[in-house]
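Reading through the structure tokens given below for one structure.
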Amino acid sequence: MSDMYNVSSSPHVRSKDTTDRIMLYVIIALLPASLFGIYNFGLHALLLIVITILSCVISEWAFDKITKRKDTIRDLSAVVTGLLLALNLPPTLPWWMAIIGGVFAIVIVKCLFGGLGQNFMNPALGGRCFLLISFTGPMTSFANSKYYISQGMDAVSSATPLAALKAGESVNTMDMLIGRIPGTIGETSVIAVLIGAIFLILMGVIDLKIPATYIITFIIFVLLFGGHGFDWSYVVAHLCGGGLMLGAFFMATDYVTSPITPLGKIIFGIVLGILTGIFRIFGASAEGVSYAIIFSNLLVPLIERVTIPKPFGKGGER
Amino acid sequence: MNKCTERIYNGIVKENPTFILMLGMCPTLAVTTSAINGLGMGLSTTVVLVMSNMLISVLRNIIPDKVRVPAFIVVVASFVTIVQFLVQGFIPSLYDSLGIYIPLIVVNCIILGRAESYASKNSVVPSIFDGIGMGLGFTVGLTCIGIVREILGAGQIFGAQVLPLAENGGFGYTPITIFVLAPGAFFVLACLVAIMNVVRAKAEKKGKPLPAAQGCLAGDCASCGQSSMCTGKVNAASEKKENA
């Protein structure tokens, strides 16, 4: 019997995109931001990144072992979670807090709900918000970046540009674009984040619907309610400050916790933009991206339910 | 085992209101920020439960069936008011930290549930012991949750510092604040229930199952205090047996 008559069940065409391959692309895309973070904040940032990734991978391995499940650390999703979590931590955080965050993200948010594909919210952001509520002090004290230290400025800590914006001070947009500002390890440099995002878009890993609607909605919200009218420098500062870019391209687009329907993605992006705007402009703290994303993650099942596309030929039926 | 000790065992282990029946979740989640609060809440509930079980059992032949729930509520509310005044008068610090949750004992589903499913059908002495057992089971559950939350959230047990805090950058324990906040209550309750279930499942595997809570094998849902949370699993299982 020749291969021509090979009988098999569908799917007949398989994509090369396996889970570990996509995760590998995400890791590559996060490298510019990570490297800039290490350059900017020094060796402790590198230590935090390594420790967070290790704690995520080891806790996933241990959970699989203890509950006698299939070993799932090879799909690299734990590495991505660890890396994303580390990029969302302030560079001066004590190392053991990073471990707690990693364990919480993997065990509580991901594995207890059934592992990759079943988690109801983004594990990295779940871990970050857990740490933010638990250790508010260390999680919100941001060391100054190398650039300012070399300029002879206060080396201990300073306000992030968003906090300065909230206090009504002016900020240097150019510094925010390059990343010479205090902030979490991976969020400071908009350029480094965008390089990774463009790589992901070119490789077809993420689709522009969510980030684009997210950012456009956020811009409109800031213009309408920011209290600065059509002041573009204020809008740009809001776009470049905090974790908006990192969140929009790397965390809001997480396959598991974002809607799969095209219309659903657009609704998801709009909800994200509005929530981030509300948290940043009317909320008590300067930053709101992570809360906006995990909150919207919880709405995903509802969004998917109302945006189920009609099958071909069922146009008239309900 | 005579009937009285059986009731106490039933309340603390077999049908523990916090971990097995999942009753009274509102105070369980809200007041267990520390062990002493959990203990205080549990004991206040126990007192109300014992007294109301006793009185309802005494009056069970007098209370007309159609208005039994309002009658139960009147009895429970009177005892809650007494307990509230006593706590306010003699333990004002506990009264301040429990706040609104003491008056809310009136609507605690454990108390109404026991009145409905046990005290209104049984004689006085077993009803009293049923109240003691259930109340102690609730107290044990609340105190366990309170201890875990207090250790993790403040490094203390019953207000005594067991884990030295890190001060001025020194070596020590940094409290995980989330555990004294609302989300921590859910985490701790979920973990403790999970541990209970693991223990139960292991015992079952070994062929020595822990006594499970008795379901509604009689099929009399109308008079069952737990019908609102019943999944009908027990009934379904027994039906399957009959069919086979």
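The values are calculated or read from the model by the stated rules, or taken from the named source; none is laboratory data. Treat the numbers as computed from the prediction; the structure is a model and nothing was measured. Cβ: placed from backbone, ideal geometry, glycine included. Neighbour counts: every protein chain shown. Side chains are part of the model used for accessible areas, which takes the heavy atoms of the whole protein and leaves out ligands, DNA and RNA. Shrake-Rupley method; radii C 1.70, N 1.55, O 1.52, S 1.80 Å.
Report, by chain and number, residues whose modeled amide H sits under 5 Å from the one on B:Ile157, excluding near sequence neighbours (fewer than 5 apart, same chain).
Distant-sequence amide H within range of B:Ile157: B:Val162.
Please name which of A:Pro11, A:Leu246, A:Val50 has its Cα lying farthest along the dipole of chain A towards the positive end, using unit charges on Cβ (Lys, Arg +1; Asp, Glu -1) and the Cα centre as origin.
A:Pro11
Once label points are set 7 Å from the Cα along Cα→Cβ at both B:Val198 and A:Trp232, what is their separation, rounded to one decimal in nm?
Placing both labels 7 Å along Cα→Cβ, they lie 5.8 nm apart.
With a 1.4 Å probe and all protein chains left in place, how much accessible area per residue does the range B:13-78 have, in Å²? Don't skip to the end; give the middle numbers.
Working: 2610 Å² over 66 residues.
Roughly 39 Å² per residue, with all protein chains present.
Counting Lys and Arg as +1 and Asp and Glu as -1, what is the net charge of the other residues whose Cβ lies under 9 Å from the Cβ of A:Gly242?
-1
With every protein chain left in place, what is the accessible area per residue of chain A in square angstrom, probe 1.4 Å?
Solvent-accessible surface per residue comes out at 49 Å².
For the range A:1-114, what's the relative contact order in percent, using C-alpha pairs closer than 8 Å and at least 6 residues apart?
Details: 101 pairs, mean separation 35.7, N = 114.
Relative CO of the range A:1-114 lands at 31 percent.
Pick out, from B:Gly172, A:Ala124, A:Ile198, the residue whose Cα sits farthest towards the positive end of the charge dipole of the protein assembly as shown, with +1 on the Cβ of Lys and Arg and -1 on the Cβ of Asp and Glu.
Sorting the options by dipole projection puts first A:Ala124.
Per-residue HN-Hα couplings for the range A:102-112, Karplus 6.51 cos²θ - 1.76 cosθ + 1.60 at θ = phi - 60°, whole Hz, x for Gly and Pro?
Once rounded to whole Hz, the list reads x, 4, 4, 4, 7, 6, 6, 7, 9, 5, 5.
Using the basic label-point model (7 angstrom from Cα toward the beta carbon), what is the A:Tyr255 to A:Asp71 distance in nanometres?
Roughly 2.2 nm, to one decimal.
Among the listed pairs A:Lys70/B:Lys14; A:Lys68/B:Lys206; A:Lys110/A:Lys209; A:Lys68/A:Lys209; A:Lys70/B:Lys206; A:Lys16/A:Lys68, give every one whose C-alpha distance is greater than 27 Å. It would help to have the intermediate numbers written out before the result.
On the way: A:Lys70/B:Lys14 35 Å; A:Lys68/B:Lys206 18 Å; A:Lys110/A:Lys209 25 Å; A:Lys68/A:Lys209 39 Å; A:Lys70/B:Lys206 25 Å; A:Lys16/A:Lys68 29 Å.
Over 27 Å Cα-Cα: A:Lys70/B:Lys14; A:Lys68/A:Lys209; A:Lys16/A:Lys68.
At 1.4 Å probe size, with the rest of the protein present, what percent of the exposed accessible area of the protein assembly as shown is carbon and sulfur atoms?
Percent of accessible area from carbon and sulfur atoms in the protein assembly as shown: 68.
Within 10 Å of each Cβ in B:178-191, how many Cβ atoms from other chains are there, averaged over the peptide?
Values: counts 9, 2, 0, 2, 0, 4, 2, 0, 0, 3, 0, 0, 2, 2.
Shielding by partners across B:178-191 averages 2.
Of A:Arg280, A:Arg128, A:Arg14, which has the largest mean-square fluctuation in a 10 Å C-alpha GNM of chain A?
Sorting by GNM fluctuation, first place goes to A:Arg14.
Once phi is turned into ³J(HN,Hα) by the Karplus curve 6.51 cos²θ - 1.76 cosθ + 1.60 with θ = phi - 60°, what whole-Hz value does each residue of the range B:130-140 show in order, with x for glycine and proline?
For the range B:130-140, the Karplus-derived couplings read 4, x, 4, x, 4, x, 5, x, 5, 4, 4 Hz, x marking Gly and Pro.
Take the Cβ-Cβ distance between B:Tyr9 and A:Leu299 as r, set R0 to 35 Å, and report the resulting FRET efficiency rounded to the nearest 0.05.
So the FRET efficiency works out to roughly 0.15.
What percent does the relative contact order of chain A come to when contacts are Cα pairs within less than 8 Å and at least six residues apart?
17
Can you give the Rg/Rh ratio of the protein assembly as shown, where Rg is from the C-alpha atoms and Rh is the Kirkwood radius?
With Rh from the inverse mean 1/r over Cα pairs, Rg/Rh is 1.05.
Which one of B:Val106, B:Ile63, B:Cys4 is farthest out on the positive end of the charge dipole of the range B:1-134, using unit charges on Cβ (Lys, Arg +1; Asp, Glu -1) and the Cα centre as origin?
The residue sitting most towards the positive pole is B:Ile63.
Using θ = phi - 60° and the Karplus form 6.51 cos²θ - 1.76 cosθ + 1.60, what ³J(HN,Hα) does each residue of the range B:143-158 get, whole Hz, x for Gly and Pro?
Residue by residue, the range B:143-158 yields 5, 4, 4, x, 4, 4, 5, 5, 4, 6, x, 9, x, 10, 10, 6 Hz.
Please build a GNM for chain A, connecting alpha carbons under 10 Å apart, and tell me which residue among A:Thr213, A:Thr307, A:Thr92 fluctuates the most.
A:Thr307
Of A:Ala163, A:Ala45, A:Ala29, which is the most mobile in a GNM of chain A whose springs link Cα atoms less than 10 angstrom apart?
Sorting by GNM fluctuation, first place goes to A:Ala163.
With +1 assigned to the C-beta of every Lys and Arg and -1 to the C-beta of every Asp and Glu, and no other charges, what is the dipole magnitude of the protein assembly as shown about the Cα centre in debye, to the nearest 20?
Computed charge dipole of the protein assembly as shown: roughly 1460 debye.
Can you give me the relative contact order of the range B:61-117 as a percent, contacts being Cα pairs under 8 Å and 6 or more apart?
Details: 22 pairs, mean separation 23.0, N = 57.
Reported relative contact order: 40 percent.
Between B:Tyr173 and residues 5 or more places away or on another chain, which pairs have amide H atoms under 5 Å apart, with H built 1.01 Å from N, and which residues are they?
B:Leu165, B:Ala166
Under 15 Å from the Cβ of B:Val162, count the other residues' Cβ atoms, weight Lys and Arg +1, Asp and Glu -1, and hand me the total.
0
For every helix of n ≥ 4 consecutive DSSP H residues, a contribution of -39,500 (n - 2.57) applies; sum these over the protein assembly as shown, divide by its total residues, and give [θ] at 222 nm rounded to the nearest 500 deg cm²/dmol. List each step's numbers first, then the result.
Details: 23 runs with 313 residues, N = 562.
Rounded to the nearest 500, the figure is -18000 deg cm²/dmol.
Could you state how much accessible area is buried at the B-A interface, both sides summed, with a 1.4 Å probe, in Å² to the nearest 100?
Details: alone 13000 and 15860 Å², together 28220 Å².
Buried: approximately 600 Å² between A and B.
Enter the mean number of other protein chain beta carbons within 10 Å of the beta carbon of each residue in A:102-115, as an integer.
Mean shielding by partner chains, rounded to a whole number: 1.
For the ranges B:34-40, A:84-90, what's the packing order if you count other beta-carbon atoms within 10 Å of each residue, average per peptide, and put the highest first?
A:84-90, B:34-40
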